[in-house]
Amino acid sequence: MDSRGSETLLPGPRHEVGTPPGPRAEDALPASAASAVKVVVVGGFGVGKTTLVGSVSEIRPLTTEETMTQAGVGVDDTAGVERKTSTTVAMDFGRITLNEQLVLYLFGTPGQERFWFLWNRLFDGALGAVVLVDTRRLEVSFDVIGRLEERGVPFVVAVNAFPGAPVHPVAELRAALDLDASVPLVDCDARLRTSCRDVLLTLMRYLYTLATPEPQ
Amino acid sequence: MSGGEADDGPERMYVITGGRSEAGGRAAADLDLVTLVVARSVPEPGMAPEHAAIVRMCQYPLSVAEVSAYLELPVSAVRVLLADLLAGGRAEARAPVPAASLPDAELLEAVMHGLQRL
Ligand SMILES: Nc1nc2c(ncn2[C@@H]2O[C@H](COP(=O)(O)OP(=O)(O)OP(=O)(O)O)[C@@H](O)[C@H]2O)c(=O)[nH]1
Ligand SMILES: [Mg+2]
């Protein structure tokens, strides 16, 4: 396809031969799509982030990589060559076309502290976040919530009900997570589209109350 | 493809972006993951293959994140490639809804409306 073929750097082997990379025709956005908003789904390993994104996305969830290069710390560089370590993190995301002009993207990102370097770009301009919680492992959620509060990112908490997971009374869970009374806490089943949609609607209604303070 | 396997290592990245880093270009840094990109030209002979691939896939709007996913390149590299195309007038960027500390009510209503139709 190009006279400089020997320099072609496209990752050919991973694409179907003869198919240029890009969305399937039916996955194209309307030409009128003018702007996009994003919501971040954050939670620990295996909590259902990818499942949630996939449940509501109109396209098969995609994966994008973000790399962070940092000067190697604690690496012996006797040769005086600055060693760099590069961390790559994959994020899955999905898409919902809201109307002819507006598109919503949902990004799933791991909650562990070592992935927080992703957050600056990711949360920049994000409407808000969904914290997915597995009641069998509350620690990650605890850190994530603290971090979101620090950053001033509005969020709702969705408890993904796994079979055999301890069922806590809401008040207990709120206390365990040290949640502000105003922050919505809902149950969800990440495998169900309607359940995930309701979580997103809960987030939007919450954002709406923040945007339109009632004079009382 | 001289028998080499696909390699996402730093060398490949370096070649693709001509050694430029994201920090080098304001335009690149301004591209959010959800900035929508639309091509303003068709692939032309002589374009670098990555540029041609982007122009081809962006005949309809596509987010930076989607371009990165389809090209299988990190977002940082895609930002640089897109900045080239924007600078050359071969693509246009539709900025995300401005980052306000709090989104406005009208926007949220539109989002809720769209979600309710799911
Ligand atoms: N019972 C039940 N199982 C779920 C639910 N959500 C996800 N699972 C299952 O849990 C497993 C992990 O889900 P993923 O969506 O891959 O979780 P993740 O958070 O993306 O995981 P990582 O990306 O590896 O951190 C899968 O086998 C899902 O089918 C849920 O709501 N209920
Ligand atoms: Mg996942």
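Taking B:Pro96 as meeting all but one of (1) touching an Asp or Glu at 6+ places or on another chain (Cβ under 6 Å); (2) open to solvent by 50 Å² or more (accessible area, probe 1.4 Å), write down the number of the exception.
Against the list (1) touching an Asp or Glu at 6+ places or on another chain (Cβ under 6 Å); (2) open to solvent by 50 Å² or more (accessible area, probe 1.4 Å), B:Pro96 comes up short only on (2).
Among all residue pairs at least 6 apart or on different chains, which show Cβ distances below 6 Å where the first residue, located in region B:61-77, is more than 7 Å from chain A (Cβ to nearest Cβ) and among the aliphatic types (A, V, I, L, M) and the second is assigned to a helix (DSSP H, G or I) and surrounded by fewer than 23 Cβ atoms within 10 Å (Cβ to Cβ)?
Going by the 6 Å Cβ cut-off, the qualifying pairs are B:Ala77/B:Met13; B:Ala77/B:Ile16.
Could you list, in sequence order, the residues of region A:23-46 that are in contact with a Lys or Arg (Cβ under 8 Å, 6 or more places away or on another chain) and within 16 Å of ligand 1 (Cβ to nearest atom)?
Once the filter is applied, which keeps residues that are in contact with a Lys or Arg (Cβ under 8 Å, 6 or more places away or on another chain) and within 16 Å of ligand 1 (Cβ to nearest atom), region A:23-46 yields A:Val41, A:Val42, A:Gly43, A:Gly44.
Can you find, within region A:109-142, the residue that is surrounded by the fewest Cβ atoms within 10 Å (Cβ to Cβ) among those that are within 16 Å of ligand 2 (Cβ to nearest atom) and within 12 Å of another protein chain (Cβ to nearest Cβ)?
Selected residue: A:Leu118.
For residues that are outside any loop (DSSP other than H, G, I, E, B) and surrounded by fewer than 22 Cβ atoms within 10 Å (Cβ to Cβ), scanning just region A:42-54, find the one that is nearest to ligand 2 (Cβ to nearest atom).
This residue is A:Thr50.
Taking region A:157-186 as the search range and keeping residues that are over 18 Å from the mean Cα position of the chain (by Cα) and either within 12 Å of ligand 1 (Cβ to nearest atom) or among the polar types (S, T, N, Q) (or both), which one is farthest from the other protein chains (Cβ to nearest Cβ)?
Applying the filter and picking the extreme gives A:Gly164.
The values are calculated or read from the model by the stated rules, or taken from the named source; none is laboratory data. This is a predicted model, so every value here is computed, not measured. Using ideal geometry, Cβ is built from the backbone for each residue, glycine included, and neighbour counts are taken over all protein chains shown. To get the accessible areas, we keep the full protein, side chains included, count just its heavy atoms, and leave off ligands, DNA and RNA. Shrake-Rupley method; radii C 1.70, N 1.55, O 1.52, S 1.80 Å.
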